[in-house]
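**Student:** Structure provided below as structure tokens; questions to follow.
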Amino acid sequence: MQRIITLSLFLVALLLPSASFAQLSTNPNKYLGNITTSGNVDAGGGVPAYYKLWNQITCENESKWSSVEGNRGNFNWGCDRAFNYAKQHGFTYKFHALVWGAQYPNWLPNLSPKERFAAMTNWFNKVKAKYNTLPMIDVVNEAVGRHQDGNPMMKETLGGGGKTGYDWLIKAFDMAYQRWPDAILIYNDYNSLRWDVDAYITLVQTLRDAGAPIDAYGNQSHELGDISTTELSNVMKKQQDALKMPMFITELDIDKSSDEQQKAQYQKIFPLMWEAPYCAGVTLWGYVYGRTWVNSSGLYKNGAERPAMTWLKEYMATDAAKNAVGPLPGTKKEASIYIRPAALKVVRGDVLPIKVNARLATKTIEKVELYVGNDLIATMTEAPYLTEYEVPSGATSGWKNTRAVVTATDGSTYERYGRFSVVSGTTKRAPYEEVPVLPCTIKIEEYDRGVSGITFNNASRNTTSPTKTDQWMEYTVDVKEDGLYSFDATVAASKADGRFHLAEYGLDSLSYLTEFVEVPKTGGSNVWKTLHGNMVTELKAGRHVFTLLVDQGGFLIKDISFTRYEEGDGSCLVKAFSGSYGVGDNIVVSAKATTKTSTISEVRFYADNLLIGTATESPYECIFTPTEKRTYSIMAIAVNEEGKVKQSGVRTLTVTSDTPLDIQTVVSEETSTPAYNLMGVPVGDGYRGIVIKNGKKYVVK
């Protein structure tokens with residue numbers, strides 16, 4: 001009987017997946033992971049197979065944007081090797097990283113901010129299409145200050161600092177959560193345990209307090225070869241006291257060529273990290289000597305264990321290591337809880353809407369309780385978990401802590417912390433006057449009443465002043481009907497690098513209502529022109545608060561008119577441009593417009609989205625006189641008698657000369673066929689373009 005049992009156990013062992021081999025960590029509450037080695041999972045060279053050591057994997061480089069989409073539109077998923085290996089051996093995987101101001105594709109800086117945002121969105125979408133589910137994601141990597149030279153570009157790409165100073169990061173986390181709600185979403189940074197502690201805490205706190213779906217913070221843990229246990233303990237405590245969320249050690253290495261020094265430092269700091277009850281896991285950044293990003297951090301040299309590795313194996317077998325408590329058992333996210341206030345700042349006596357975005361992966365929510373300080377202000381049993389908090393008139397200025405407690409039907413509870421700030425001032429938030437109802441025109445100076453930092457920033461009700469970078473203003477509006485809307489802004493600009501966008505700081509996410517709108521040169525700060533654009537987010541009927549964010553200032557803006565966008569039938573086509581053109585030429589821009597069920601009331605023509613003319617009858621034409629030698633984007637919009645529109649595609653018009661081109665061939669008013677050139681010689685139909693001079697049409701040969 002004993003032989004049968006023994007044989008049966010042996011057969012079962014053969015049939016179990018490879019994960020049955022014991023890795024260093026047997027703790028169910030946290031993992032001990034590592035990275036790929038030169039793009040491979042198993043390091044070779046006599047080093048044990050990966051699955052025999054580690055139970056989590058991160059790609060060192062293979063899942064970074066530059067590695068995946070080095071050539072635009074071509075995706076190389078070298079990270080499949082690690083992802084599939086983890087699935088095969090039954091352990092977890094982290095995607096590293098979606099947004100990073102380094103190792104981005106080298107073609108990215110050549111794009112405009114609008115184009116870069118589209119490319120970034122496409123990057124997120126491609127990762128989602130490839131990996132529908134991901135257990136963990138480094139959503140943003142190294143965004144503190146100038147850790148990476150590409151951070152300003154990434155900030156610009158994702159919408160700038162905005163109201164919070166960190167809108168671009170909030171947007172990145174919102175984008176990630178919309179695609180991977182069950183993933184553990186992490187912010188990861190470099191010198192977070194030593195030199196940039198306060199800046200790191202402020203960044204993560206702001207994301208959390210604004211209600212961004214950030215689940216954990218990651219300490220890379222490089223350059224800790226001489227940190228003391230006292231310093232490390234104090235910093236970790238300071239971080240956790242401020243952030244109160246799970247922490248990951250994401251890239252630990254001890255770069256010591258001396259075996260004994262490396263071992264001694266591991267012995268000092270590793271147990272402190274591993275046994276912290278808020279530590280969800282530790283990833284070492286490489287383990288083969290000479291094959292990591294720093295020279296001497298490897299734990300194996302010439303295929304043999306270094307003393308630090310021998311000690312690490314011994315420590316991981318201790319009860320202290322095996323039984324250490326962790327915040328995410330199984331490294332799975334059961335609870336998604338994010339406290340999203342309508343604003344991070346509020347004045348005394350004002351009413352602050354607050355929503356707890358709560359979701360459990362496998363359980364059912366029984367109730368959600370929300371506290372401000374120690375006071376329970378709401379118990380909510382049905383979604384949406386939305387309430388309002390009236391700030392006491394006698395409240396002191398400063399940060400007020402919030403805490404959401406989610407109770408499941410099985411009695412288990414989950415918590416999330418946040419804050420908002422009470423600022424000095426007594427002017428409560430209110431619309432400027434009567435709330436405008438879209439469709440309508442909003443004057444720029446009529447932004448909401450309130451305190452600086454709450455309803456506006458760096459703004460003036462004097463419309464003669466140019467806009468300033470990072471200026472913003474809020475506008476309370478009522479939307480009459482659901483739908484998409486277009487807008488026409490009255491702008492003036494003496495230079496061409498202005499940019500703005502409209503956003504809504506909703507209780508679910510930060511929504512960009514428009515693309516990043518580039519303001520072309522209009523001819524001067526007193527030359528007002530109409531700039532057209534379409535909103536990209538559908539508006540629901542009801543009350544909204546729009547925020548106008550100036551991404552790059554220097555232009556003037558007088559008002560914005562909003563029109564409900566309804567597409568008509570038929571077609572609108574701008575005729576192609578051929579030939580050469582010069583600055584000062586009066587160029588005929590023509591469009592063909594049709595409708596099946598109505599009649600065309602007008603056709604509007606635009607150059608770089610600035611209105612250049614309107615035609616109310618066929619042939620639909622206008623005159624465009626370029627002022628610069630460059631390429632212009634020309635398009636037309638046909639409007640039928642019902643107000644429905646049909647927008648053409650964009651035609652490119654290239655102006656190649658600094659002066660008007662010589663007129664070579666005359667064309668009569670009645671025909672487009674050239675008869676004779678100025679020398680009286682008959683010409684065929686091979687002309688190159690049409691300009692107007694002194695009221696006559698001329699063919700440019």
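**Student:** Determine whether L513 is open to solvent by less than 20 Å² (accessible area, probe 1.4 Å) and without any contact (Cβ under 8 Å) to a residue 40 or more places away in the chain. Please lay out each step first, then the result.
**Tutor:** Numbers: open to solvent by less than 20 Å² (accessible area, probe 1.4 Å): yes; without any contact (Cβ under 8 Å) to a residue 40 or more places away in the chain: yes.
So L513 fits the description; yes.
**Student:** If you check Y338 against the conditions, is it surrounded by 14 or more Cβ atoms within 10 Å (Cβ to Cβ), among the hydroxyl-bearing types (S, T, Y) and touching a strand residue (DSSP E or B) at 6+ places or on another chain (Cβ under 7 Å)?
**Tutor:** Values: surrounded by 14 or more Cβ atoms within 10 Å (Cβ to Cβ): yes; among the hydroxyl-bearing types (S, T, Y): yes; touching a strand residue (DSSP E or B) at 6+ places or on another chain (Cβ under 7 Å): yes.
Here the answer is yes, as Y338 does meet what is asked.
**Student:** Of the residues in region 324-348, how many are more than 22 Å from T164 (Cα to Cα) and assigned to a loop (DSSP other than H, G, I, E, B)?
**Tutor:** Within region 324-348, residues that are more than 22 Å from T164 (Cα to Cα) and assigned to a loop (DSSP other than H, G, I, E, B) number 8.
**Student:** Could you please give the count of residues in region 358-376 that are touching a residue at least 60 places away in the same chain (Cβ under 8 Å) and either within 18 Å of Q205 (Cβ to Cβ) or touching an Asp or Glu at 6+ places or on another chain (Cβ under 6 Å) (or both)? Show your work before the answer.
**Tutor:** Let us first name the residues in region 358-376 that are touching a residue at least 60 places away in the same chain (Cβ under 8 Å), namely 359, 361.
Subset that is either within 18 Å of Q205 (Cβ to Cβ) or touching an Asp or Glu at 6+ places or on another chain (Cβ under 6 Å) (or both): 361.
Result for region 358-376: 1.
**Student:** If you don't mind, another one. Is it the case that region 459-475 has a residue that's over 23 Å from K644 (Cβ atoms), assigned to a strand (DSSP E or B) and either of a type in the set (S, T, Y) or open to solvent by 10 Å² or more (accessible area, probe 1.4 Å) (or both)?
**Tutor:** Yes - at least one qualifying residue is present in region 459-475.
**Student:** Please enumerate the residues belonging to region 50-64 that are more than 20 Å from M309 (Cα to Cα) and open to solvent by less than 10 Å² (accessible area, probe 1.4 Å).
**Tutor:** Residues satisfying the conditions are C59, S63.
**Student:** Find the helices (runs of 4 or more DSSP H) located wholly in region 135-240 whose residues include 2 or more that are under 16 Å from L98 (Cα atoms), and list them.
**Tutor:** Values: elements: 151-157, 167-179, 197-209.
Per the criteria, 151-157, 167-179.
**Student:** Could you check region 360-377 and list, in sequence order, the residues that are surrounded by fewer than 18 Cβ atoms within 10 Å (Cβ to Cβ), out of contact with any Phe, Trp or Tyr (no Cβ under 8 Å at 6 or more places or on another chain) and in a strand (DSSP E or B)?
**Tutor:** Matches in region 360-377: E366, K367, Y371, D375, L376.
**Student:** Restrict the check to region 520-534 and report whether at least one residue is touching a helix residue (DSSP H, G or I) at 6+ places or on another chain (Cβ under 9 Å) and in contact (Cβ under 8 Å) with a residue 60 or more places away in the chain.
**Tutor:** Filtering region 520-534 down to residues touching a helix residue (DSSP H, G or I) at 6+ places or on another chain (Cβ under 9 Å) leaves none.
Looking for residues that are touching a helix residue (DSSP H, G or I) at 6+ places or on another chain (Cβ under 9 Å) and in contact (Cβ under 8 Å) with a residue 60 or more places away in the chain, one finds none in region 520-534, hence no.
**Student:** Are any of the residues in region 350-365 among the hydroxyl-bearing types (S, T, Y) and either in contact with a His (Cβ under 7 Å, 6 or more places away or on another chain) or under 22 Å from Y51 (Cα atoms) (or both)?
**Tutor:** So in region 350-365, the residues among the hydroxyl-bearing types (S, T, Y) come out as 362, 364.
Now drop any that are not either in contact with a His (Cβ under 7 Å, 6 or more places away or on another chain) or under 22 Å from Y51 (Cα atoms) (or both), which leaves none.
There is no residue in region 350-365 that is among the hydroxyl-bearing types (S, T, Y) and either in contact with a His (Cβ under 7 Å, 6 or more places away or on another chain) or under 22 Å from Y51 (Cα atoms) (or both).
**Student:** Scan region 433-458 residue by residue and report those that are in a loop (DSSP other than H, G, I, E, B) and in contact (Cβ under 8 Å) with a residue 24 or more places away in the chain. Break it down into steps so the answer makes sense when it comes.
**Tutor:** First, the residues of region 433-458 that are in a loop (DSSP other than H, G, I, E, B): 433-436, 439, 444-448, 450-451, 453-455, 458.
Within region 433-458, V435, P436, P439, I444, E446, Y447, D448, G450, V451, G453, I454, T455 meet the criteria.
**Student:** Any idea which of (1) crowded, with 22+ Cβ neighbours inside 10 Å; (2) not in a helix (DSSP H, G or I) is the one F270 doesn't satisfy?
**Tutor:** Condition (2) is where F270 drops out.
**Student:** Next up: Does T656 satisfy the condition of being in contact with a strand residue (DSSP E or B) (Cβ under 8 Å, 6 or more places away or on another chain), open to solvent by 50 Å² or more (accessible area, probe 1.4 Å), at pLDDT 95 or above and not hydrophobic (A, V, I, L, M, F, W, C)?
**Tutor:** On the way: in contact with a strand residue (DSSP E or B) (Cβ under 8 Å, 6 or more places away or on another chain): yes; open to solvent by 50 Å² or more (accessible area, probe 1.4 Å): yes; at pLDDT 95 or above: no; not hydrophobic (A, V, I, L, M, F, W, C): yes.
So T656 fails the test.
**Student:** In the list G101, G70, which residue meets the criterion of being surrounded by fewer than 20 Cβ atoms within 10 Å (Cβ to Cβ) and under 21 Å from N151 (Cα atoms)? Before you say what the answer is, go through the steps one by one.
**Tutor:** Details: G101 fails: surrounded by fewer than 20 Cβ atoms within 10 Å (Cβ to Cβ).
Going through G101, G70 in turn, the sole match is G70.
**Student:** Does region 120-134 hold any residues that are part of a helix (DSSP H, G or I), open to solvent by less than 10 Å² (accessible area, probe 1.4 Å) and of a type outside the set (V, I, T), and which are they?
**Tutor:** Just the residues of region 120-134 that are part of a helix (DSSP H, G or I), to begin with: 120-130.
With open to solvent by less than 10 Å² (accessible area, probe 1.4 Å) added as a condition, the list becomes 120, 123-124, 127.
Scanning region 120-134 gives M120, W123, F124.
**Student:** Within region 160-204, can you find the residues that are among the charged types (D, E, K, R) and free of Cβ contacts under 8 Å to residues at least 40 places away in the same chain?
**Tutor:** Within region 160-204, the subset among the charged types (D, E, K, R) is 163, 167, 171, 174, 179, 182, 189, 194, 196, 198.
Once the filter is applied, which keeps residues that are among the charged types (D, E, K, R) and free of Cβ contacts under 8 Å to residues at least 40 places away in the same chain, region 160-204 yields only D198.
Conditions (1) closer than 21 Å to G649 by Cα; (2) part of a strand (DSSP E or B), marked per residue:
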{"residue": "D559", "(1), (2)": "no, yes"}
{"residue": "D569", "(1), (2)": "yes, no"}
{"residue": "S578", "(1), (2)": "yes, no"}
{"residue": "A593", "(1), (2)": "yes, yes"}
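**Student:** Here is a further query. For A404, are the conditions met, namely being of a type in the set (A, V, I, L, M, F, W, C), open to solvent by less than 20 Å² (accessible area, probe 1.4 Å), part of a strand (DSSP E or B) and in contact with a Gly (Cβ under 9 Å, 6 or more places away or on another chain)? Let's see the steps before the verdict.
**Tutor:** Numbers: of a type in the set (A, V, I, L, M, F, W, C): yes; open to solvent by less than 20 Å² (accessible area, probe 1.4 Å): yes; part of a strand (DSSP E or B): yes; in contact with a Gly (Cβ under 9 Å, 6 or more places away or on another chain): yes.
Yes, satisfied.
**Student:** Can you tell me which residues in region 538-568 are acidic (D, E) and open to solvent by 50 Å² or more (accessible area, probe 1.4 Å)? Before the answer, list the steps.
**Tutor:** Initially, region 538-568 is screened for residues acidic (D, E), giving 538, 551, 559, 566-567.
Once the filter is applied, which keeps residues that are acidic (D, E) and open to solvent by 50 Å² or more (accessible area, probe 1.4 Å), region 538-568 yields E538, E566, E567.
**Student:** Of E231, E223, which residue is modelled with pLDDT under 95 and open to solvent by 10 Å² or more (accessible area, probe 1.4 Å)?
**Tutor:** The conditions single out E223.
**Student:** Would you mind telling me which numbered condition in (1) more than 11 Å from the chain's Cα centre (by Cα); (2) free of Cβ contacts under 8 Å to residues at least 40 places away in the same chain K155 fails?
**Tutor:** Looking at each condition in turn, K155 falls short on (1).
The values are calculated or read from the model by the stated rules, or taken from the named source; none is laboratory data. Remember, predicted model here, so these are calculated numbers, not experimental data. For neighbour counting, all protein chains shown are included, and Cβ atoms are generated from backbone atoms with ideal geometry for every residue, glycine included. Each accessible area value is taken on the protein alone, full model and side chains, heavy atoms only, with ligands, DNA and RNA left out. Shrake-Rupley method; radii C 1.70, N 1.55, O 1.52, S 1.80 Å.
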